[in-house]
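The structure under discussion appears below in the form of structure tokens.
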Amino acid sequence: MTIAVTAVSGQLGTSIARALVEMHTGEPVIGLARTPEKAPDLGIELRPGDYDDAEQLRASLAGVDTVLLISGMAAPDLRIGQHRNVIDAAKAAGVSKIVYTSVQGADEGTSFSPIIKSNRQTEADIRDSGLDWVIGRNGIYIEPDVEYIETYRKAGEIANSAGNGRCGYTTRPELAFAYARMLIGAEHNGQTYLLHGEALTQAQLAEYLNRTFGTDLTYRPMSHDDYKADRIAELGEFIGTVIAGIYRGIHDGALDAPSDFETAAGRPHRSWDDYFASLKG
Ligand SMILES: NC(=O)c1ccc[n+]([C@@H]2O[C@H](COP(=O)([O-])OP(=O)(O)OC[C@H]3O[C@@H](n4cnc5c(N)ncnc54)[C@H](OP(=O)(O)O)[C@@H]3O)[C@@H](O)[C@H]2O)c1
């Protein structure tokens, strides 16, 4: 059974391809990438895979049995068509199963909701494809908060609009392990899994960062409008609006649902105590 992983030049695609290789199942793994030269050397075959190029995708999926589709980064309206290119190419190439990395969040009422809706449309397209399918709805990556530590240190605080909302965080390697199992195991077919570890408040996140990095961060809740203006000033209109919408969703409880990680992965999600302890080296 040949498995192809799209966007293998990105962090999640790389992690999933690596997890598949490390599982030593003997199944051939192929990486597809819009920019193959950016993909790390995992000892796997690389093929071109631009979501905007339907013909290229069809050729690159020749001989593939199962495909892992990583959600794209384009604006929501463009993203749906890009994902359809992959789904249609998979059907045309004779792929039998598609696994999709979707996302958690509020379907309505936040500035992140258009992206959530575009992911839900792709989920529907995949369920209607006639192929076997598995969908994972990813929690929020915790790594960006860790990578942001010097900025937090300078500010002396984490400030955003999540309030006391709990967020189901995860890590790319944890997701990768679950997706590798979802790709390989037929028992997951037809399932939609929420993939995250224990949900944390921003105050708990600050406490983990303090214990790990010796900081003295406090958490300061902000209004939705102030936080959105702050993020747009820092990151620009598109990304700033998306980030503000994610934190509004956290505030409203949209990222605090029971996790299916253990069912998907066959083991519990790594604990945050363990994860943060590992960062101390
Ligand atoms: N759960 C979360 O917290 C969270 C946060 C951020 C993003 N996401 C979602 O998760 C996905 C994977 O995250 P990541 O950490 O792997 O992001 P990443 O490291 O930024 O990688 C993004 C990948 O998407 C690829 N890509 C973008 N447009 C493409 C196109 N038209 N055709 C083919 N590939 C395309 C990029 O290819 P190039 O190398 O050619 O640019 C890259 O491989 C993202 O795409 C996004 O949808 C989730």
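Can you tell me the dipole magnitude for the chain around its Cα centre, using point charges on the Cβ only (Lys, Arg +1; Asp, Glu -1), in Debye to the nearest 20?
160
Using the C-alpha gyration tensor of the stretch 34-128, what are the square roots of 5 times its eigenvalues, in whole angstrom, with the largest one first?
Numbers: eigenvalues 122, 47, 27 Å².
They are 25, 15, 12 Å, listed largest first.
Enter the angle in degrees (range 0 to 90, nearest 10) between the Cα long axis of helix 202-213 and the first principal axis of the Cα atoms of the chain, meaning the one along which they spread out most.
The angle comes out near 90 degrees.
What's the center-to-center distance, using Cα atoms, between the stretch 1-53 and the stretch 84-145 in Å?
If you average the Cα positions of each part, the centres end up 18 Å apart.
Over the chain, how many pairs of lysines fall under 24 Å by alpha carbon, counting only those 8 or more apart in sequence or from different chains?
Value for the chain: 5.
With a ≥ b ≥ c the root eigenvalues of the C-alpha gyration tensor of the stretch 181-241, is it rounded (a/c under 1.5), prolate (a/b larger than b/c) or oblate?
oblate
For a Förster distance of 30 Å, can you work out the FRET efficiency between the beta-carbons of Glu262 and Asp226, rounded to the nearest 0.05?
0.20
Taking neighbour counts of Cβ atoms within 10 Å as a proxy for exposure, in what order, fewest first, do His24, His188, His196 appear?
Numbers: His24 7, His188 24, His196 29.
The fewest-first ordering by Cβ neighbours comes to His24, His188, His196.
Arranged by the count of other C-beta atoms within 10 angstrom, fewest first, what order do Ser118, Ser278 take?
If I rank by nearby Cβ atoms, fewest first, I get Ser278, Ser118.
Give the order of Asp41, Asp128, Asp145 when sorted by the count of other beta carbons within 10 angstrom, beginning with the fewest.
Asp41, Asp128, Asp145
Give me the log10 of I(q) over I(0) for the chain at q = 0.15 Å⁻¹, as the Debye formula computes it from C-alpha points; what are the numbers?
Reported log10 I(q)/I(0), two decimals: -1.15.
For helix 11-22, report the angle its Cα long axis makes with the longest principal axis of the Cα atoms of the chain; keep it between 0 and 90° and round to the nearest 10°.
60
Laboratory data are not the source of any read-out in this text; all were calculated from the coordinates shown. Please read all numbers here as calculations on a predicted model, not as lab measurements. Every residue, glycine as well, gets a Cβ built from its backbone with ideal geometry; the counts of neighbours run over all protein chains shown.
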